[in-house]
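The values are calculated or read from the model by the stated rules, or taken from the named source; none is laboratory data. None of the values given here were measured: they were computed from a predicted structure. Cβ: placed from backbone, ideal geometry, glycine included. Neighbour counts: every protein chain shown.
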Amino acid sequence: MLKKCIAECIGTMVLVIFGCGVAVATGCEGNAGIIATALAFGLVIVAMAYSIGNISGCHINPAVSTAILISGKMSLKEYIGYVLSQILGAFIGALFLGLFFGGFSSLGANTVQTVITDNYGDLGGLFTGLIVEIVLTFVFILAVLGVTSKTENKSVTGVVIGLALTLVHLLGIRLTGTSVNPARSIGPAVLQMISGDFTAISQIWIFIVGPIVGAVFAALVYGLIDGNKKENDLKA
């Protein structure tokens, strides 16, 4: 269990360093910045899946762990250990970013973007941002559950999940910055408060509730449509 938690901590740290780091370095400016950031998050998943996947399963995301818990593939004790390790890893990753960029004013924290608030206002924008995170996480987790449901997919699992994360980032960056991962949002948001920026932390509930709700929906829906599970149950 300890080794799994260490692996999850390291994996989430790397995700924040490289995913959020590229977002800060490029400023997500223009199409090149968006594509670079989306690829960074996706490539981290690929790299971590083939390095720590055999140890912990490479969740590095409380939303993924939530879906796995609901699917009955991990215990509550493991779930709590994973989530705490992921959040710790995100804090460590954000600390490194603060060191790399010389301050904590910009760490790639998630906020609802102006393309939403300009159309729906502040309150409506927050609600719309929540819906965006639910939908993006639902799609991402559905892909995770699908590709990991068959052992014969093992060789391509990391690539598929990485591409799925890249996909949701391509749409979501201009809407919410794309979280789909509460740990990835919590670390940078909390540390950005050091610089006096409270915007991200004031909206953090969106990036906790949205991904968790999306993960729950994905797990429940996949449980209903998973034909292989039903066939195996009948054979048993």
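Tell me yes or no: at least one residue of segment 11-25 is of a type outside the set (V, I, T) and under 22 Å from T148 (Cα atoms). Within segment 11-25, one or more residues are of a type outside the set (V, I, T) and under 22 Å from T148 (Cα atoms).
It is to be established whether one or more residues within segment 126-141 are more than 27 Å from V221 (Cα to Cα), without any contact (Cβ under 8 Å) to a residue 24 or more places away in the chain and surrounded by fewer than 19 Cβ atoms within 10 Å (Cβ to Cβ).
Scanning segment 126-141 turns up no residue that is more than 27 Å from V221 (Cα to Cα), without any contact (Cβ under 8 Å) to a residue 24 or more places away in the chain and surrounded by fewer than 19 Cβ atoms within 10 Å (Cβ to Cβ).
Scanning segment 149-192 for residues that are of a type in the set (V, I, T), surrounded by fewer than 24 Cβ atoms within 10 Å (Cβ to Cβ) and touching a Gly at 6+ places or on another chain (Cβ under 8 Å), which turns out modelled with the highest pLDDT? Here the answer is T166. Does segment 120-128 contain any residue that is among the β-branched types (V, I, T) and under 24 Å from G158 (Cβ atoms)? No, segment 120-128 has no match at all.
T148 meets the conditions (1) within 22 Å of G11 (Cα to Cα); (2) of a type in the set (S, T, Y); (3) within 15 Å of the chain's Cα centre (by Cα) in every case but one. The failed one is (3).
Of the residues that make up segment 94-110, is at least one among the hydroxyl-bearing types (S, T, Y) and in a helix (DSSP H, G or I)? Looking for residues that are among the hydroxyl-bearing types (S, T, Y) and in a helix (DSSP H, G or I), one finds none in segment 94-110, hence no.
Yes/no per residue for (1) under 12 Å from the mean Cα position of the chain (by Cα); (2) at pLDDT 95 or above; (3) charged (D, E, K, R):
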position: V14; (1), (2), (3): no, yes, no
position: A25; (1), (2), (3): no, yes, no
position: T37; (1), (2), (3): no, yes, no
position: G42; (1), (2), (3): yes, yes, no
position: M48; (1), (2), (3): no, yes, no
position: G53; (1), (2), (3): no, no, no
position: S65; (1), (2), (3): yes, yes, no
position: L69; (1), (2), (3): no, yes, no
position: Y82; (1), (2), (3): no, yes, no
